[in-house]
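Each remark here refers to the structure printed beneath this line.
Laboratory data are not the source of any read-out in this text; all were calculated from the coordinates shown. Quantities reported herein were computed from a predicted structural model and do not represent experimental measurements. Positions of Cβ are generated from backbone atoms using ideal geometry, with glycine treated the same way; all protein chains shown enter the neighbour counts.
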């Protein structure tokens, strides 16, 4: 029986019905397959903020997160999650609520963002609506003052909309620096996540939580390997090298 290290955090983006325009988005039908796999294999889903007390979580725990807040997440992710009795966290770029993801270039149906009404509905249903800053910038290129504004403005907008405390943050593009980590804590966030792959317990700093990226072509079997290895690259070529290395190490220790 495989023993999994958990909790583990997954990073999704858009969930369109049609072919994804972005490498980071996944077709809604494929996301549904991911949910079926997680349910069949006995994985429990929790919110990102639940990681503040990891010792209380089940043995096989996964945190499903969505960056940006795409409109297609409502039908392609939120509703299927509700049907399966599962939870997820959405990191929202608040300047873009009800608009488009400006960092993706020309507007399209897949760059449309969730409205404030949708976010309120999702929050009321038990999902976590968290911060992805205000304008979705590369934080590593901003001054401390500019970063402070990004963090505090997004937090205020969401707390006003949802009438609840917002304590979770995700750095846009996975870009941040030492100031980002310090300011996130000073602004009142209790945890923040990056795009660096790895196990949750491999990073002691709660403002640098690791996540595993899900890409457009990731099948349920690919998801299974990512849960097992906590890595973005679980290609069969890499897996073959990994197991060959383990066999070699075992042989060496016998002599």
I want to verify a result. In a Gaussian network model of the chain, Cα cutoff 10 Å, which of these has the top mean-square fluctuation: 198, 217, 14? 217
Rounded to whole Å, √(5λ) for the Cα gyration tensor eigenvalues of the stretch 8-253, largest first, gives 29, 22, 18
Rounded to 10°, Cα long-axis angle of helix 220-229 versus longest principal axis of the chain: 80 degrees
Which of these, 128, 203, 185, has the largest mean-square fluctuation under a Gaussian network model of the chain (Cα springs below 10 Å)? 203
Could you order peptides 65-72, 221-228 by the average number of other Cβ atoms within 10 Å of their residues, highest first? 65-72, 221-228
Show that you can apply the helix-only estimate: for the chain, add -39,500 (n - 2.57) for every DSSP H stretch of four or more residues, divide by all residues, and state [θ] at 222 nm to the nearest 500. -10000 deg cm²/dmol
Nearest-ten-degree value, helix 178-187 long axis tilted from longest Cα axis of the chain: 60 degrees
Proxy reagent accessibility, fewest Cβ within 10 Å first, across 194, 187: 187, 194
Only bridges with both residues in the chain count here: give the DSSP antiparallel percent, nearest 5. 10 percent
In degrees, nearest 10, the alpha-carbon axis of helix 236-253 is tilted away from the dominant principal axis of the alpha carbons of the chain by 50 degrees
Most fluctuating of 60, 106, 153 in the GNM of the chain (C-alpha, under 10 Å) is 106
For 103, 90, ascending order of other Cβ atoms within 10 Å (fewest first) is 103, 90
By the Cα gyration tensor axes a ≥ b ≥ c (a/c under 1.5 gives rounded; else a/b larger than b/c gives prolate, otherwise oblate), the shape of the stretch 36-138 is prolate
May I ask you to sort 15, 111 by Cβ crowding, counting other Cβ atoms within 10 Å and putting the fewest first? 111, 15
Residue 235 to residue 141: extension gain in nm, 0.36 nm per residue of separation minus the Cα-Cα distance? 30.5 nm
Part-to-part distance (alpha-carbon centres) for the stretch 182-221 and the stretch 108-131, which is given in Å: 20 Å
